[in-house]
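**Q** Below are the structure tokens for one structure; questions will follow.
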Amino acid sequence: MSKDIDGPRWLLAELTYKCPLQCPYCSNPTDYTKYSSELTTSEWISTMRQARDLGAVQLGFSGGEPLVRTDLEQLVEAAREMGFYTNLITSGVGMDAERVARLKQAGLDHIQISFQASDEVLNDRFAGTRAFQHKKEMAREVKAQGYPMVLNFVLYRDNIDRVEEIMDLALELEADQVELANTQYYGWALHNREVLLPTKDQLVRARASAERYQDEYKDQCRFIYVIPDYYETRPKACMSGWGKIFLNIAPDGSALPCQGARQMAHIDFPNVRDVSLEDIWFGSDAFNVYRGESWMRDPCRTCDHRHEDFGGCRCQAYQLTGDARNADPVCSLSPDHKKITQAVTMAQNQQPDNSVKVAFRNPKNSKLFERSEAG
């Protein structure tokens, strides 16, 4: 692949996989305990500089919980000097008024705080720790220090029927923007799909409520409702295409086209400790393997939508079919679409079952996954 492609526009810096929460839909890899050697401050600054030189303009600080890093303010300040627009994606745990002030002084542009539910009991159960009241305090503190209040609520079977309570909480907190993000089923969420996937009726009701609030409170708060892939018939244009605009750097320096790509055992992902970001983006097999359309098989290869959806999500194709070159099973034209419809049917017919165990994101469960995957 030659340099007739553009450089990345969006850099996600996953600063650490460490996190005080144990969310069962976490986007981190299930074997995250394998990757304990985090980039140093100077290595992160070098990586950010290289990404900026390639054209990246937006920088998200994520994790795990990025507040675990004591050098976060230093990284924010360096990013500001480079000209990045910076966003902190956080649970709010590990933050207080003083740290918000330090981050603001360092030049942070945007803070997004995540919640697990609208009430304390359910929020703390799915967070795996007592965090709800602190999250509310931090949301108010972010607003008080001049940031727009941007909240994220992940929706799943146990909280989606309370979506109006969720939006009422956001209005109570004087939020400016709220993302109502239905769980997408990768990593931890895929392992917990049986207890997380809502029914179609739940989704229909929640979407109607969200649209009503969007209309009624459009001058007060922006509500964004994200439908889960499993209830679509067309795949999403994942990351706007593999290796097109999005670059993810994992805590250990591995360069990935998206957060979920690490599960693809057949790809040797390069590391910024060993190779320049320019060589990684333009020349590595990892970033070129599903770039463009030459890799596509039918039905994607001859589909009129291939320029719009790029064949859908490569990670989802891999984890559900075992081959990332296959069409995303979400697509109704995919020979593997039945894998999606079967999961949806199971969710539709399933009765509440307290015997089904939730695999919370923690080192103990990570090791169990490692053993089961090894056979």
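The values are calculated or read from the model by the stated rules, or taken from the named source; none is laboratory data. None of these values were measured; they are calculated from a predicted model. All Cβ positions, even for glycine, are placed from backbone atoms using ideal geometry, and neighbour counts span all protein chains on display. Note: accessible area is taken over every heavy atom of the protein model, side chains too, but ligands, DNA and RNA are not part of it. Shrake-Rupley method; radii C 1.70, N 1.55, O 1.52, S 1.80 Å.
**Q** Among LEU203, ASN349, TYR85, whose Cα projects farthest towards the positive end of the dipole of the chain, with charges put on the beta-carbon of Lys, Arg (+1) and Asp, Glu (-1)?
**A** ASN349
**Q** Once you have the alpha carbon radius of gyration of region 60-209, what is it after dividing by 2.2 N^0.38 Å, with N set to its residue count?
**A** Scaled against compact globular proteins, the figure is 1.09.
**Q** In Å², what does the accessible area per residue of region 12-131 work out to with a 1.4 Å probe?
**A** Numbers: 4520 Å² over 120 residues.
Ligands and nucleic acids excluded, the result is 38 Å² per residue.
**Q** Mind checking which of ALA101, TYR185, ALA170 is farthest towards the positive end of the chain's charge dipole, using Cβ charges of +1 (Lys, Arg) and -1 (Asp, Glu) about the Cα centre?
**A** So the residue furthest toward the plus end is TYR185.
**Q** Let me ask something else about it. Can you tell which of LEU21, SER284, ASN365 lies farthest toward the positive end of the dipole of the chain, using +1 and -1 charges on the Cβ of basic and acidic side chains (Lys, Arg; Asp, Glu)?
**A** Final value for the positive-end residue is ASN365.
**Q** Determine which residues of region 134-160 fall in the zone a paramagnetic label at TYR85 would reach in this model, i.e. backbone nitrogen under 14 Å from the point 7 Å along Cα→Cβ.
**A** The answer is 148, whose backbone nitrogens lie closer than 14 Å to the label point.
**Q** Here's another thing I want to ask about it. Past the 13 angstrom mark, what percentage of all C-alpha to C-alpha distances in region 81-131 do you count?
**A** On the way: 811 of 1275 pairs.
More than 13 Å apart: 64 percent of the Cα pairs in region 81-131.
**Q** Starting from the eigenvalues of the Cα gyration tensor, five times each then square-rooted, give me the equivalent ellipsoid semi-axes of region 153-214, largest first, whole Å.
**A** Numbers: eigenvalues 98, 35, 15 Å².
Square roots of five times the eigenvalues give 22, 13, 9 Å.
**Q** Over 28 Å, how big is the tail of the calculated P(r) for region 166-310, in percent of all Cα pairs?
**A** Working: 4145 of 10440 pairs.
Above the 28 Å cut-off, region 166-310 has 40 percent of its Cα pairs.
**Q** Between rounded, prolate and oblate, where does region 240-336 land on the alpha carbon gyration tensor, with a ≥ b ≥ c its root eigenvalues, rounded for a/c under 1.5, else prolate if a/b exceeds b/c?
**A** On the way: a/c = 2.48, a/b = 1.81, b/c = 1.37.
Prolate is the answer for region 240-336, as a/c is 1.5 or above and a/b outweighs b/c.
**Q** Let me ask another. May I ask you to compute the full-extension gain from SER240 to ASP201, defined as 0.36 nm times their residue separation minus their alpha-carbon distance, rounded to one decimal in nm? Numbers along the way, then the final one.
**A** Values: separation 39, 0.36 × 39 = 14.04 nm, distance 2.96 nm.
Length gained, SER240 through ASP201: 11.1 nm.
**Q** Under a point spin-label approximation (7 Å from Cα along Cα-to-Cβ), what is the ILE5-ASP323 distance to one decimal in nm?
**A** 2.2
**Q** Between LEU333 and ARG140, what is the spin-label point distance in nm, taking each point 7 Å from the Cα along the Cα→C-beta axis?
**A** 5.3
**Q** Only helical DSSP H runs with n ≥ 4 go in: add -39500 (n - 2.57) per run for the chain, normalise by residue count and round the 222 nm mean residue ellipticity to 500 deg cm²/dmol.
**A** Values: 15 runs with 137 residues, N = 375.
Value at 222 nm, helices only: -10500 deg cm²/dmol.
**Q** While we're on this one: For the pair THR41 and HIS307, how long in nm is the line joining their label points, each one 7 Å along Cα→Cβ?
**A** With each label point 7 Å from Cα toward Cβ, the separation is 4.9 nm.
**Q** Here's something else I'd like to know. Net charge near LEU320, counting Lys/Arg +1 and Asp/Glu -1 over other residues with Cβ under 14 Å of its Cβ? Walk me through the intermediate numbers first.
**A** Working: positive: ARG193, ARG314, ARG325, LYS338, LYS339; negative: ASP229, ASP323, ASP328, ASP336.
Net charge in that neighbourhood comes out at +1.
**Q** Further, regarding this structure: Among CYS238, CYS303, CYS23, determine the one that fluctuates most according to a GNM of the chain built with springs between C-alpha atoms less than 10 Å apart.
**A** Highest fluctuation among the options: CYS303.
**Q** Right, something else. Roughly how many Å² is the accessible area per residue of region 259-324, as a whole number, for a 1.4 Å probe?
**A** On the way: 3010 Å² over 66 residues.
Each residue of region 259-324 exposes 46 Å² on average to a 1.4 Å probe.
**Q** Now a separate question. Ordering TYR85, TYR25 by accessible area with a probe of 1.4 Å, largest first, what comes out? List each step's numbers first, then the result.
**A** Numbers: TYR85 100, TYR25 30 Å².
Largest accessible area first, the list is TYR85, TYR25.
**Q** Determine the share of region 210-298's accessible area contributed by carbon and sulfur atoms, expressed in whole percent, with a 1.4 angstrom probe. Before the final figure, lay out the partial values.
**A** Values: 1810 of 4000 Å².
So the carbon and sulfur contribution to the accessible surface is 45 percent.
**Q** Evaluate E = 1/(1 + (r/R0)^6) for GLU174 and ASP71, where r is the Cβ-Cβ distance and R0 equals 22 Å; express this FRET efficiency to the nearest 0.05. Please report the intermediate quantities before stating the final value.
**A** Working: r = 31 Å, r/R0 = 1.43.
It comes out at approximately 0.10.
**Q** For the chain, what log10 I(q)/I(0) values come out of the Debye formula at q = 0.12 1/Å, with one point per alpha carbon and no solvent?
**A** Rounded to two decimals, the profile gives -0.98.
**Q** Give, rounded to the nearest 20 debye, the magnitude of the charge dipole that the chain has about its Cα centre when Lys and Arg contribute +1 at Cβ and Asp and Glu contribute -1 at Cβ. Intermediate values should be presented prior to the final figure.
**A** Working: 44 positive and 54 negative charges, 129 e Å.
Dipole of the chain, to the nearest 20 debye: 620 debye.
**Q** In addition: Where the accessible area of region 1-136 is counted over protein heavy atoms with a 1.4 Å probe, how much of it, in %, is carbon and sulfur? Each step should come with its number before you reach the end.
**A** Working: 2560 of 5440 Å².
Percent of accessible area from carbon and sulfur atoms in region 1-136: 47.
**Q** State which entries of LYS200/LYS244; LYS104/LYS135; LYS200/LYS339; LYS200/LYS338; LYS18/LYS135; LYS143/LYS218 exceed 21 angstrom in Cα-Cα distance in the structure shown.
**A** Details: LYS200/LYS244 33 Å; LYS104/LYS135 18 Å; LYS200/LYS339 16 Å; LYS200/LYS338 16 Å; LYS18/LYS135 18 Å; LYS143/LYS218 19 Å.
Listed pairs above 21 Å: LYS200/LYS244.
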